[in-house]
Amino acid sequence: MKILAGLLIFGLCAFAETPADTEPSKPAPIQDGQSAQAYINNALYEYLDRPPYLMIQAETPFFEKWIAGKNMWIALIEFYCGESERNKIHCLTVIVYDPLTNEHRFMKPDEVTQEAAGDAI
């Protein structure tokens, strides 16, 4: 239930924070659809050191968020990973993409909230 609420909140935030026409559009690697799905799948697979089993259950589209004093693109990802389909764990993470460096990092949802709240003060 928490996961569905988190996906709903992040999804609503995506609509609330859509960029204006004068702002740059999404970088090519994270465009909605197949491009973003492939990017997320590859990044997560490498980050987890190539787990034998990885299944992405749900992901939000990338949306802009002000984090650590910079404009970043983030997506919430719910997934399962482990040794096999029978021996797996349920996980939730946020991928944070920096358009200036074209690099990403993974954060816990509460870490994103804390860093974004710290910028608002």
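Need pairs with beta-carbon distance below 6 Å; first residue in a loop (DSSP other than H, G, I, E, B) and within the stretch 75-86, second open to solvent by 20 Å² or more (accessible area, probe 1.4 Å); sequence gap 6+ or separate chains.
GLU83/PRO52; SER84/TYR53; GLU85/TYR53
So which of GLN57, GLN37 is open to solvent by 30 Å² or more (accessible area, probe 1.4 Å), part of a strand (DSSP E or B) and not basic (Lys, Arg)?
GLN57
Are any residues in the stretch 68-95 on the phi < 0 side of the Ramachandran plot and open to solvent by 40 Å² or more (accessible area, probe 1.4 Å), and if so, which ones?
Correct list: LYS70, ASN71, TYR80, GLU83, SER84, GLU85, ARG86, ASN87, LYS88, ILE89, HIS90, LEU92.
Which one is modelled with the lowest pLDDT among residues in the stretch 96-121 that are assigned to a helix (DSSP H, G or I) and either open to solvent by less than 60 Å² (accessible area, probe 1.4 Å) or under 16 Å from ASN41 (Cβ atoms) (or both)?
Only one residue fits best here, namely ASP119.
Would you check which residues across the stretch 1-39 are out of contact with any strand residue (DSSP E or B) (no Cβ under 6 Å at 6 or more places or on another chain), modelled with pLDDT of 90 or more and among the hydrophobic types (A, V, I, L, M, F, W, C) and list them?
Within the stretch 1-39, ALA36, ALA38 meet the criteria.
Of the numbered conditions (1) at pLDDT below 90; (2) over 17 Å from PHE106 (Cβ atoms), ALA68 fails exactly one; give the number of that condition.
Evaluating ALA68 over (1) at pLDDT below 90; (2) over 17 Å from PHE106 (Cβ atoms) leaves (2) as the failure.
The values are calculated or read from the model by the stated rules, or taken from the named source; none is laboratory data. This is a predicted model, so every value here is computed, not measured. Quick reminder, even Gly has a Cβ in these numbers, built from the backbone with ideal geometry, and neighbours come from all protein chains shown. Areas reflect the complete protein model, heavy atoms only, side chains present, ligands, DNA and RNA absent. Shrake-Rupley method; radii C 1.70, N 1.55, O 1.52, S 1.80 Å.
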